[in-house]
Number of protein chains: 2
Amino acid sequence: MQFADRLQNVETSAIRELFKLLGTPGIVSFAGGFPDSAMFDVEGIREASRRALDEEAGGALQYGATEGYEPLRSQLSAFMATKGVDVPPQGLIVTTGSQQALDLIGKTLISPGDKVIVEGPTFLATIQCFRLYGAQLISAPVDAGGVRTDALEKLIAEHKPKFVYLIPTFGNPSGALLDLERRKQVLEMAVRHQTVIVEDDPYGDLYFTDTPPPPSLLALTPEVPGSRALLVHCGSLSKVLSPGLRVGWMVAPPALLANAVMCKQFSDAHTSTFAQATAAQYLKSGRMPATLANVRKVYAERCDAMADSLRRELGDAITFTQPQGGLFFWARLTGAHGGPTDAAAFARKAIQELVAFVPGAPFFAADPDHATLRLSFATADVAKIREGVARLAKAL
Amino acid sequence: MQFADRLQNVETSAIRELFKLLGTPGIVSFAGGFPDSAMFDVEGIREASRRALDEEAGGALQYGATEGYEPLRSQLSAFMATKGVDVPPQGLIVTTGSQQALDLIGKTLISPGDKVIVEGPTFLATIQCFRLYGAQLISAPVDAGGVRTDALEKLIAEHKPKFVYLIPTFGNPSGALLDLERRKQVLEMAVRHQTVIVEDDPYGDLYFTDTPPPPSLLALTPEVPGSRALLVHCGSLSKVLSPGLRVGWMVAPPALLANAVMCKQFSDAHTSTFAQATAAQYLKSGRMPATLANVRKVYAERCDAMADSLRRELGDAITFTQPQGGLFFWARLTGAHGGPTDAAAFARKAIQELVAFVPGAPFFAADPDHATLRLSFATADVAKIREGVARLAKAL
């Protein structure tokens, strides 16, 4: 069987090999990219799905509009409003997780050979998704304050990309938070160069400080005239409510939204109306603020525990900036005192000590930094985090 | 904003314009392609979703394997076994409706310019889906016995297509049933020409006769050595249980299945585990046979009513073969007694009489027959069907 040429653009073995080892009994895993299922509001979701079937079985079980189930679009519009975003229900479409938003962006915008700028490092599945559509990825450097806007603007001017893809808030894997000044700079350079910006924002609600992070790029567009017409925003309920519902959404300028809907029609017709109706009922129930507060509190404790343990156990063998939200630590091996500098080799030794993480190199679309690694603190409790980090120290 | 070149391959306006008119109050619609929501087993699905959350909330709400939720793969394997198909759980993957199976087939197999043979007429969303991946579609003629295998083999020999896409059982829109002899011929020519065959089978369970239709191509592969390695089969719960769950599946040779999983990872990560766990519990509950029996009975009555009404009210103005299953009549305007011969013009007149159907031309990838039309009998009850067909007669 001869497969499509586009499959040659993709390489997925790097992480798959590692994940095969995660089934080892007794392992403490910092490798996952998912929320802790122990924190799902099962009772609230059960009640929401019951209401969906009691009140709107026809709609919840029938084919639905490709754009999304109207009651959910309204609820998502209201949810966005609580975060300073003014978007009407028809200004967003529902996607099958925000992964599908990325796929629709690729399908709608990328012709083979088109250049796309991403952060280095960035979300692994974004790299592969865009490459399947033939994108040539350019990597923009990131520091603890998010993407370096000086470097980004130079890359935009040089490469004239089809679009720029950013995870400005607690990015996967960087954990970095783009500060307010840089956010405005990004919007200004979008207008200056007439470049589309894709803001992926699955982690924005997971902040650990008393005050929320700076507003999303989308929320800031009113401050930068002309930027709204160049901004695409992807949201998701996966990290805050449940990934299993597969409910994400995309806000975009009308012409892009219309083409994305057309592509979605032939991708999966529509997102599960059963899941959409359940999500709509959940948002309507008013339980989300309490759920978010609980999730933030638990993840904040785990994040603190991981930071303390890493400092105490690994000392100057690694450097990192403690994240203010999200699910991830992004760290770098220093090689101090003859310690490791290659995260892939370190990961193999760590597995032998029954602790797992993800080496950072695959998260770079170009010029991988082999000393980097990603540690998730989301799914292990505080005791497990301490134990896991102690094992990491043994593997040094 | 400059969109991807692939969007230029697609034209979706033909039917969209018509569907805008369907909101007209009082209209009787034969235009839809969906099952009747009044026949959904809401109680059974409610119970299944309750069990999914009671017994396996972690799995039902968390990220899941891209290949599909294991309990559902097992249930689907067992469901296929009742239809004479021997496929282990790992021999199929779950897709977000069978529409996604089509998308993954396109993504995995079609390079721009590749030829694909489809039936003329065929499922509209298949035409657009494959064209988005750059396929050049070749149309094979269909009669009341399904695709004409003599013509199909000539086209395969001439065009050496990447694959052939067929809906052998109660096809959309043809309603045709490929007979057993032709089924074997298709498998034999697949082996002879080493051509992949994609069998789309969402309607196979909706038969109205006392005995089931001939076995699926997949079920027949043991009789034609070498054919299993060339066969892809798409199944769906949409027409028999609920489209809103968006649960379909795909059986394919291992290498294709592996590449489809890789592509799916970047399309939507996985199908809603909540919907999958609900579907698995439903299949496990044992309610499916009774649900199918009920659906068959109701649709058979509606199908009979439509056939009788069409014969009585429209006489020799149209020709059709009464379908033995599925959701659709495929008819052709004869122009007898100065009646209409253009189905699009007839559709506009019909709308004025408050009855809707879909003109057949868009269902052809090439050489459209403008006298054809599709009528669904699924969503109107017998009285509405009679009234709707009477209105059609007025529009003649």
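The values are calculated or read from the model by the stated rules, or taken from the named source; none is laboratory data. Remember, it's a predicted structure, so these values are computed and weren't measured experimentally. Neighbour counts run over all protein chains shown; Cβ positions are idealised from the backbone, glycine included. In case anyone asks, the SASA skips ligands and DNA or RNA and just uses the protein heavy atoms, side chains included. Shrake-Rupley method; radii C 1.70, N 1.55, O 1.52, S 1.80 Å.
Restricted to region A:245-260, and to residues that are of a type in the set (A, V, I, L, M) and facing chain B (nearest Cβ under 9 Å), which residue is nearest to the chain's Cα centre (by Cα)?
Restricting to residues being of a type in the set (A, V, I, L, M) and facing chain B (nearest Cβ under 9 Å), the top hit is A:Val247.
Does B:Thr291 meet the test of being at negative phi and open to solvent by less than 10 Å² (accessible area, probe 1.4 Å)?
No, not satisfied.
Name every residue in region A:26-35 that is within 11 Å of another protein chain (Cβ to nearest Cβ) and either open to solvent by less than 10 Å² (accessible area, probe 1.4 Å) or modelled with pLDDT of 95 or more (or both), in order of residue number.
If the condition is that a residue be within 11 Å of another protein chain (Cβ to nearest Cβ) and either open to solvent by less than 10 Å² (accessible area, probe 1.4 Å) or modelled with pLDDT of 95 or more (or both), then A:Gly32, A:Pro35 are the ones that fit.
Is there any pair with a first residue in region A:99-117 that is within 7 Å of another protein chain (Cβ to nearest Cβ) and over 9 Å from A:Ala135 (Cβ atoms) and a second that is part of a helix (DSSP H, G or I) and hydroxyl-bearing (Ser, Thr, Tyr) whose Cβ atoms are under 6 Å apart and which are 6 or more apart or on different chains, and what are they?
A:Asp103/B:Ser267
Taking region B:279-330 on its own, how many of its residues are over 19 Å from the mean Cα position of the chain (by Cα) and not in a helix (DSSP H, G or I)?
Matching residues across region B:279-330 total 5.
Counting only residues that are at pLDDT below 95 and within 22 Å of A:Val382 (Cβ to Cβ), which one in region A:37-62 is nearest to the other protein chains (Cβ to nearest Cβ)?
Checked region A:37-62; the qualifying residue nearest to the other protein chains (Cβ to nearest Cβ) is A:Ser37.
Could you please tell me which pairs satisfy a Cβ distance under 7 Å, a separation of 6+ or placement on different chains, a first residue in region A:145-174 that is surrounded by 15 or more Cβ atoms within 10 Å (Cβ to Cβ), and a second residue that is in a helix (DSSP H, G or I) and hydroxyl-bearing (Ser, Thr, Tyr)?
Within 7 Å, the pairs are A:Tyr165/A:Thr126.
Conditions first: (1) open to solvent by less than 50 Å² (accessible area, probe 1.4 Å); (2) of a type in the set (Ser, Thr, Tyr); (3) free of Cβ contacts under 8 Å to residues at least 60 places away in the same chain. A:Thr211 passes all but one, so which condition is the exception?
(1)
Considering region B:110-139 alone, what residues qualify as being assigned to a strand (DSSP E or B) and closer than 23 Å to A:Phe3 by Cα?
B:Lys115, B:Val116, B:Ile117, B:Val118, B:Glu119, B:Gln136, B:Leu137, B:Ile138, B:Ser139
Would you pick out the residues in region B:222-239 that are open to solvent by less than 20 Å² (accessible area, probe 1.4 Å), free of Cβ contacts under 8 Å to residues at least 60 places away in the same chain and either in a loop (DSSP other than H, G, I, E, B) or within 7 Å of another protein chain (Cβ to nearest Cβ) (or both)?
If the condition is that a residue be open to solvent by less than 20 Å² (accessible area, probe 1.4 Å), free of Cβ contacts under 8 Å to residues at least 60 places away in the same chain and either in a loop (DSSP other than H, G, I, E, B) or within 7 Å of another protein chain (Cβ to nearest Cβ) (or both), then B:Val224, B:Ser227, B:Leu237 are the ones that fit.
Could you pull out the residue among A:Thr96, A:Thr169, A:Thr122 that is within 10 Å of chain B (Cβ to nearest Cβ) and within 17 Å of the chain's Cα centre (by Cα)? It would help to see each step written out before you state the result.
Numbers: A:Thr169 fails: within 10 Å of chain B (Cβ to nearest Cβ); A:Thr122 fails: within 10 Å of chain B (Cβ to nearest Cβ).
Of the residues listed, the single one that is within 10 Å of chain B (Cβ to nearest Cβ) and within 17 Å of the chain's Cα centre (by Cα) is A:Thr96.
Given the conditions (1) touching a Lys or Arg at 6+ places or on another chain (Cβ under 6 Å); (2) touching a residue at least 60 places away in the same chain (Cβ under 8 Å), which single one is not true for A:Thr319?
With (1) touching a Lys or Arg at 6+ places or on another chain (Cβ under 6 Å); (2) touching a residue at least 60 places away in the same chain (Cβ under 8 Å) applied to A:Thr319, the lone miss is (2).
In region B:261-277, which residues are facing chain A (nearest Cβ under 7 Å), within 14 Å of B:Val247 (Cβ to Cβ), in contact (Cβ under 8 Å) with a residue 60 or more places away in the chain and part of a helix (DSSP H, G or I)?
Those that are facing chain A (nearest Cβ under 7 Å), within 14 Å of B:Val247 (Cβ to Cβ), in contact (Cβ under 8 Å) with a residue 60 or more places away in the chain and part of a helix (DSSP H, G or I): B:Thr273, B:Phe274.
Looking only at region A:34-67, which residues are under 30 Å from A:Leu256 (Cβ atoms) and either free of Cβ contacts under 8 Å to residues at least 60 places away in the same chain or under 21 Å from the mean Cα position of the chain (by Cα) (or both)?
The answer is A:Phe34, A:Pro35.
One residue is enough: does region A:76-85 have a residue meeting the conditions buried (at least 23 other Cβ atoms within 10 Å of the Cβ), among the aromatic types (Phe, Trp, Tyr) and either touching a residue at least 60 places away in the same chain (Cβ under 8 Å) or more than 30 Å from B:Asn9 (Cβ to Cβ) (or both)?
no
What residue, among those in region A:87-129 that are among the charged types (D, E, K, R) and in contact with a Ser or Thr (Cβ under 9 Å, 6 or more places away or on another chain), is surrounded by the most Cβ atoms within 10 Å (Cβ to Cβ)?
A:Asp103
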